[in-house]
Amino acid sequence: MLSRSYPLLLSLFLLSFETYSSKHNQNPMLNKQFKSLVILLGLLAALLPLTVSAAPALNPENTIYLDLPSGRVVIQMLPNIAPRHAARIKELTRKGFYDGLTFHRVIPGFMAQTGDPLGDGSGGSGQELKAEFSRMQHIRGTVSMARASDPNSADSQFFICFAPAPFLDGKYTVWGQVVSGMEFVDKIKAGSQYNNGTVSNPTIIVRMKVAADVKPRDSAHPQLPPQN
């Protein structure tokens, strides 16, 4: 909307300046330079719609609502990058598997890990997945699968990156990206890097839903319990 009106605003500003300068007999050379600057800005603004476009709407079937005590985190899944992992995450989500689970391992400045029904990093759903490593980078908000030393040992546990972690690239399966709500991820209770991020009284997942399964009213106004 702004990009469409910007050239018009610049034109009106130029017209106003010409009117002002003609009345006040401004320096002609200064006027010429100013006009050139405004025209250049107008041309750049006209090109703006060609280079900037609105973000595409999220596909509800490939969008996860991760509700935390502090608010909702929206995750865009990447089924084109990790189809088996995306499908399994959705399957477990629809079974309510993640509801009430904790972020049992949280290292400040690195990542927050969840998805373990045992709450100590040793549990899972009982179905391991073959790795789907890709060229996707681990940046702030990346959602990736946790695993043991075996590349094909990912199950239900995943982590969300607080910051870029390039040393993980190509070694862990990226299946999603946080598109809103990272401020709530930042509020997840952290452990310490000195104890491998183990958290006492950890933050829980209030509930986790596939967006396609959520009613519009609940989607717009999730009813979350107050944060302790």
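Restricting attention to region 39-61, does a residue exist that is in a helix (DSSP H, G or I) and at pLDDT 95 or above?
The answer is yes, given that some residue of region 39-61 is in a helix (DSSP H, G or I) and at pLDDT 95 or above.
Just the residues that are buried (at least 21 other Cβ atoms within 10 Å of the Cβ) and of a type outside the set (A, V, I, L, M), please, taken from region 168-180.
Those that are buried (at least 21 other Cβ atoms within 10 Å of the Cβ) and of a type outside the set (A, V, I, L, M): Tyr172, Thr173, Trp175, Gly176.
Please determine, by comparing only the residues of region 148-169 that are closer than 23 Å to Tyr65 by Cα and in a loop (DSSP other than H, G, I, E, B), which one is farthest from the chain's Cα centre (by Cα).
Looking at residues that are closer than 23 Å to Tyr65 by Cα and in a loop (DSSP other than H, G, I, E, B), I get Asp155.
Has region 113-126 got any residue that is assigned by TED's automatic domain parsing to the domain that holds Thr173 and within 18 Å of the chain's Cα centre (by Cα)?
There is at least one residue in region 113-126 that is assigned by TED's automatic domain parsing to the domain that holds Thr173 and within 18 Å of the chain's Cα centre (by Cα).
The values are calculated or read from the model by the stated rules, or taken from the named source; none is laboratory data. Please read all numbers here as calculations on a predicted model, not as lab measurements. Cβ coordinates were reconstructed from backbone atoms using ideal geometry, including for glycine residues, and neighbour counts include every protein chain displayed.
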